[in-house]
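Below is one structure, written out as structure tokens, with a few remarks after it.
The values are calculated or read from the model by the stated rules, or taken from the named source; none is laboratory data. Just so we're clear, the structure is a prediction, and the values are computed from it rather than from any experiment. Cβ coordinates were reconstructed from backbone atoms using ideal geometry, including for glycine residues, and neighbour counts include every protein chain displayed.
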């Protein structure tokens with residue numbers, strides 16, 4: 001039996017995931033570790049794990065071949081030296097929220113473009129004060145969106161923005177070819193030169209040493225006074241004090257944040273109320289991933305039985321079989337994994353690539369040793 005260890009701390013959601021996987025995959029033993037001591041007793045026999053292992057746990061993880069990070073973009077410090085050197089493949093939640101957050105970004109764009117940030121507060125106060133006919137509207141076919149971070153979410157946002165007639169420019173540190181919808185793609189060095197041309201600046205980038213605080217006052221001042229700033233990536237990429245100062249000074253027209261810098265990192269004179277009450281700043285938080293598709297009742301349909309993939313080189317450490325999408329695989333709504341179909345066999349991709357969610361899966365385990373590389 002293959003063992004999947006759910007690392008602490010546990011929540012109602014992780015316990016539910018564990019129960020559903022165990023029910024759906026009879027070949028799998030799922031162990032829920034409630035604390036570090038319990039995890040230490042179990043990690044030595046686990047081939048797969050979900051969560052954040054401490055260095056002490058990792059030293060005992062001699063059989064571990066797959067580690068699922070519990071975030072789409074693991075936070076700073078998740079990858080430490082021992083984990084980087086460990087032979088286990090590490091995957092994350094990347095791209096499972098493309099459609100949800102792409103739509104959320106466009107909700108912000110459309111709200112600003114049609115002046116809803118102006119009209120909705122008036123409606124709540126039962127006031128009728130229409131703006132002058134030549135103000136308050138951004139005609140999207142004449143507008144430009146600058147998307148900083150053209151990964152899965154950024155690409156989906158670009159596709160939607162282009163469908164509304166917008167000209168989309170992308171900035172990405174790794175990507176070399178523009179995805180559909182992006183008319184021009186540049187590297188991070190081009191950011192300062194592109195900011196003055198954008199009507200919407202949309203951040204989707206993760207928090208890294210390079211991106212921490214990289215949206216600061218000087219960059220807001222490079223934007224058009226009529227431009228809007230949208231951040232759905234990570235809060236630490238944007239200096240919130242500088243953003244609020246730019247809004248108060250009228251240096252940009254507005255901002256929408258799905259994420260923001262924690263209070264401990266802000267000026268002591270800046271609180272949540274000051275941020276939320278600014279007339280040009282409408283914050284919606286922790287709603288971007290919501291969708292009826294995430295209803296648990298719709299996430300796991302009946303699981304058809306499928307034959308175990310053939311072994312390659314005598315060993316297959318762990319195989320997740322996808323029913324659709326050409327062999328791309330996923331465990332329920334948990335994660336993409338780094339196996340892909342190659343002809344009649346299977347290969348392990350040591351560098352995790354983007355893979356779409358499929359609706360029906362099962363787990364098949366090899367009959368030979370789980371140690372070594374396939």
> In this structure, is residue 115 surrounded by fewer than 20 Cβ atoms within 10 Å (Cβ to Cβ), free of Cβ contacts under 8 Å to residues at least 24 places away in the same chain, out of contact with any strand residue (DSSP E or B) (no Cβ under 6 Å at 6 or more places or on another chain) and not assigned by TED's automatic domain parsing to the domain that holds residue 152?
Replying inline: no
> Is there a residue being surrounded by fewer than 19 Cβ atoms within 10 Å (Cβ to Cβ), more than 20 Å from residue 81 (Cα to Cα) and within 25 Å of the chain's Cα centre (by Cα) anywhere in the range 19-32?
Replying inline: yes
> Mind checking whether some residue in the range 122-141 is in contact (Cβ under 8 Å) with a residue 60 or more places away in the chain and not in a helix (DSSP H, G or I)?
Replying inline: yes
>> Checking the structure you have, find out if any residue of the range 166-183 is surrounded by fewer than 17 Cβ atoms within 10 Å (Cβ to Cβ), in a strand (DSSP E or B) and in contact with a helix residue (DSSP H, G or I) (Cβ under 9 Å, 6 or more places away or on another chain).
In response: no
> Can we say residue 205 is touching a helix residue (DSSP H, G or I) at 6+ places or on another chain (Cβ under 9 Å), surrounded by 22 or more Cβ atoms within 10 Å (Cβ to Cβ), within 25 Å of residue 103 (Cβ to Cβ) and modelled with pLDDT under 95?
Replying inline: yes
> Just wondering, is there one or more residues in the range 208-216 that are closer than 26 Å to residue 164 by Cα and surrounded by 15 or more Cβ atoms within 10 Å (Cβ to Cβ)?
Replying inline: no
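Conditions tested, residue by residue: (1) part of a loop (DSSP other than H, G, I, E, B); (2) touching a strand residue (DSSP E or B) at 6+ places or on another chain (Cβ under 6 Å); (3) more than 27 Å from residue 233 (Cα to Cα); (4) in the same structural domain as residue 140 (by TED's automatic domain parsing).
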{"residue": "23", "(1), (2), (3), (4)": "no, no, yes, no"}
{"residue": "31", "(1), (2), (3), (4)": "no, yes, yes, no"}
{"residue": "34", "(1), (2), (3), (4)": "yes, no, yes, no"}
{"residue": "37", "(1), (2), (3), (4)": "no, no, yes, no"}
{"residue": "58", "(1), (2), (3), (4)": "no, no, yes, no"}
{"residue": "67", "(1), (2), (3), (4)": "no, yes, no, no"}
{"residue": "70", "(1), (2), (3), (4)": "yes, no, no, no"}
>> On the basis of being under 30 Å from residue 138 (Cβ atoms) and either at pLDDT 95 or above or in contact with a strand residue (DSSP E or B) (Cβ under 6 Å, 6 or more places away or on another chain) (or both), does residue 108 make the cut?
In response: yes
>> What's the number of the only condition in (1) assigned to a loop (DSSP other than H, G, I, E, B); (2) at pLDDT 85 or above; (3) under 17 Å from the mean Cα position of the chain (by Cα) that residue 94 fails to meet?
In response: (2)
>> I need the full set of residues from the range 220-255 which are assigned to a helix (DSSP H, G or I) and in contact with a strand residue (DSSP E or B) (Cβ under 9 Å, 6 or more places away or on another chain), in order please.
In response: 220, 235, 237, 240, 242, 243, 244, 246, 247
